[in-house]
Amino acid sequence: MKKIVSIILVLFVAKSLLGQTRFISKGIIEFEKRTNLWADLSGSYAEQMKKSVPEYKINYFNYEFDNSKAIYSPGRESDDKPSSFFGTPATDNEVYSDYETRKYIARKSVFEKTFLIEDSLRNASWKITNDFREIAGFNCRRATTIIMDSIFVVAYYTDEIMISGGPESFNGLPGMIMGLVINRLHTTWYATKIQVNNINDIDITPPKSGKKTNNEKLLEVLKSSMKIWGADAVSNIWAAMI
């Protein structure tokens, strides 16, 4: 009798845990992108600049996904309006990703030029850790990688969302990246909410306008502009190539 009761109890607990597990294949995730504008301020004017410029520049993006395809694009406007002097690349990126074909098409404005990049998705070598944190109601696992030879990236992903994607062109983990940290760019991306109900047709189509190029050619163009950008050149290239 005790054995039967034990079996029933195990089955009940297993059913309860299964019922709590979410497997999401379609939805809209909002990301808050936050960049620290004070991080690189130095010299005699630094303190004066801090009085007129907010510490963080905040942008919102929507990540719409359906099975193996997704589009990452600008979302609602932020309340803060920092000076245009602090304009940075990647504030209005549109990135279409097809995780089945491993291709992506991105529209990126880099200062005065707009590019349409068609290339293969980044193949990052991720190291998955045993650290976790909750993001937008999901228990997310920490992973790290290095891109562009020296840029250390921290990501937090959930396997409850069944797409191997993330903000910008980041991908390759066993689930959806809900948090991203790039300290060299003083920038973070964190999911704030996800909409999965009352969604009918999600418009997942690639951007079409811009000067067509690929990552290799874009990098050549950016490097040729280093003299114009001065000390900000390297960080601007990193930001444009994410």
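The values are calculated or read from the model by the stated rules, or taken from the named source; none is laboratory data. It should be emphasised that the depicted structure is a prediction, and the values quoted were computed from it without experimental measurement. Methodologically, a virtual Cβ is constructed for each residue, glycine included, from the backbone with ideal geometry; neighbour enumeration extends over all protein chains shown. The accessibility values were calculated without ligands, DNA or RNA, using every heavy atom of the protein model including side chains. Shrake-Rupley method; radii C 1.70, N 1.55, O 1.52, S 1.80 Å.
Counting the residues of the stretch 119-143 that are assigned to a strand (DSSP E or B) and crowded, with 16+ Cβ neighbours inside 10 Å gives 7. Is it true that residue 74 is within 24 Å of residue 184 (Cα to Cα), out of contact with any strand residue (DSSP E or B) (no Cβ under 7 Å at 6 or more places or on another chain) and at pLDDT 85 or above? Spelling it out, it is not the case that residue 74 is within 24 Å of residue 184 (Cα to Cα), out of contact with any strand residue (DSSP E or B) (no Cβ under 7 Å at 6 or more places or on another chain) and at pLDDT 85 or above. Scanning the stretch 88-118 for residues that are in a loop (DSSP other than H, G, I, E, B) and either open to solvent by less than 20 Å² (accessible area, probe 1.4 Å) or of a type in the set (Phe, Trp, Tyr) (or both) yields 89, 90, 93, 99, 111. Of the residues screened, residue 203 is one that is acidic (Asp, Glu) and touching a residue at least 40 places away in the same chain (Cβ under 8 Å).
Has the stretch 179-189 got at least one residue that is open to solvent by less than 50 Å² (accessible area, probe 1.4 Å) and assigned to a loop (DSSP other than H, G, I, E, B)? There is no residue in the stretch 179-189 that is open to solvent by less than 50 Å² (accessible area, probe 1.4 Å) and assigned to a loop (DSSP other than H, G, I, E, B).
Table: residues versus (1) in contact with a Phe, Trp or Tyr (Cβ under 9 Å, 6 or more places away or on another chain); (2) of a type outside the set (D, E, K, R); (3) at pLDDT 95 or above.
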| residue | (1), (2), (3) |
| --- | --- |
| 152 | no, yes, yes |
| 174 | yes, yes, yes |
| 180 | yes, yes, yes |
| 184 | yes, no, no |
| 204 | yes, yes, no |
| 226 | no, yes, no |
| 233 | no, yes, no |
